[in-house]
Amino acid sequence: MKKVLILEDETSIRSFVVINLQRAGYEAIEASSGEEALEQLRKNPDIGVAIFDINLPGMDGFEVCRTVRATNKSIGIIMLTARTQEMDKVTGLMTGADDYVTKPFSPAELTARIDALYRRIGGEAGGTSDELRQGPFVLNTRNRTLEKAGARIKLTQVEYSIVKLFMQNPGRAMSREDILAAVWGRDYDGELKIVDVNIRRLRIKIEDDTSNPVYITTVWGYGYKWGA
Ligand code: CA
């Protein structure tokens with residue numbers, strides 16, 4: 001199982017991350033201080049991605065990042081930033097970290113970043129690379145199938161392509177034009193309404209309550225957003 005270290009001193013945030021990492025199929029290793037994180041990294045050299053909170057008592061996240069990077073070039077590092085002011089510092093620190101996520105973040109956002117980082121660093125040890133897991137959904141890109149809470153949902157090829165696009169871009173507002181171009185191709189000159197028609201059908205298949213969609217939400221006057 002792919003290992004992810006989460007360094008965060010606030011127990012509630014750490015537990016929240018751990019639960020969501022486990023749900024996404026990762027083994028989560030916890031640390032509540034920089035010193036503990038370094039110790040865990042020594043004990044678990046197979047940790048592929050580490051998430052470092054910046055605000056910590058004692059050694060801060062930047063220092064941990066620098067220390068780890070000094071001896072380990074291959075590990076993926078994601079910084080957790082609490083405030084926008086920290087973003088500048090993070091940009092300056094990009095020497096060490098690979099990515100950063102701003103609090104508050106959604107579980108889908110964080111796991112998508114970890115997945116992407118794992119792909120980039122080539123840390124795909126298991127055979128899970130053909131599966132996208134978010135919330136109750138598992139999309140198998142080899143078989144082109146979708147499951148919701150273990151039950152197969154029958155999709156057309158177009159619906160499958162839309163779900164795949166969404167699951168690759170969790171939490172991101174996608175315009176109708178983007179969806180049309182990605183699913184139907186840049187040369188398609190049909191109407192944007194085809195997107196809405198397919199979304200409506202998809203909602204019937206995947207939402208618990210189509211009048212109150214939670215997985216595919218409407219971004220008014222723009223398009224749609226996936227959140228699972
Ligand atoms: Ca903290």
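The values are calculated or read from the model by the stated rules, or taken from the named source; none is laboratory data. Worth saying up front: this structure is predicted, and the values here are computed from it rather than measured. Positions of Cβ are generated from backbone atoms using ideal geometry, with glycine treated the same way; all protein chains shown enter the neighbour counts. The area values use the complete protein model at the heavy-atom level, side chains included, leaving out ligands, DNA and RNA. Shrake-Rupley method; radii C 1.70, N 1.55, O 1.52, S 1.80 Å.
Observations
- Given (1) surrounded by fewer than 17 Cβ atoms within 10 Å (Cβ to Cβ); (2) at pLDDT 95 or above; (3) more than 15 Å from the ligand (Cβ to nearest atom), index of the condition D88 fails: (2)
- Positions within the range 206-228 being of a type in the set (A, V, I, L, M, F, W, C), in a loop (DSSP other than H, G, I, E, B) and touching a helix residue (DSSP H, G or I) at 6+ places or on another chain (Cβ under 7 Å), in sequence order: A228
- Residue in the range 166-174 that is of a type in the set (A, V, I, L, M) and within 24 Å of G150 (Cβ to Cβ) present: yes
- Criterion (within 29 Å of E131 (Cα to Cα), modelled with pLDDT of 90 or more and among the basic types (K, R)) met by exactly one of R113, R42, R14, R119: R14
- Condition met for V197 (of a type outside the set (K, R), closer than 22 Å to R144 by Cα, free of Cβ contacts under 8 Å to residues at least 12 places away in the same chain and open to solvent by less than 70 Å² (accessible area, probe 1.4 Å)): yes
- Residue check, E147 in a loop (DSSP other than H, G, I, E, B) and charged (D, E, K, R): no
- Residue tally, condition assigned to a loop (DSSP other than H, G, I, E, B) and basic (K, R), over the range 172-205: 2
- For the range 202-228, a residue qualifies if it is touching a residue at least 12 places away in the same chain (Cβ under 8 Å), surrounded by fewer than 15 Cβ atoms within 10 Å (Cβ to Cβ) and not aliphatic (A, V, I, L, M), and exactly one does: Y222.
- Of the criteria (1) open to solvent by 70 Å² or more (accessible area, probe 1.4 Å); (2) in contact (Cβ under 8 Å) with a residue 40 or more places away in the chain, which one L155 fails: (1)
- In the range 1-29, the residues that are within 16 Å of the ligand (Cβ to nearest atom) reach residues that are open to solvent by 20 Å² or more (accessible area, probe 1.4 Å) and in a helix (DSSP H, G or I) with C-beta atoms within less than 7 angstrom, at least six apart or across chains, in these pairs: L5/Q40; L5/L41; I6/R14; E8/R14.
- Here V17 meets the list (1) under 18 Å from R69 (Cβ atoms); (2) open to solvent by less than 20 Å² (accessible area, probe 1.4 Å) almost entirely, failing just condition (1).
- Scanning the range 65-83 for residues that are touching a residue at least 40 places away in the same chain (Cβ under 8 Å), more than 16 Å from V101 (Cβ to Cβ) and either within 16 Å of the ligand (Cβ to nearest atom) or not small (G, A, S) (or both) turns up just one, I75.
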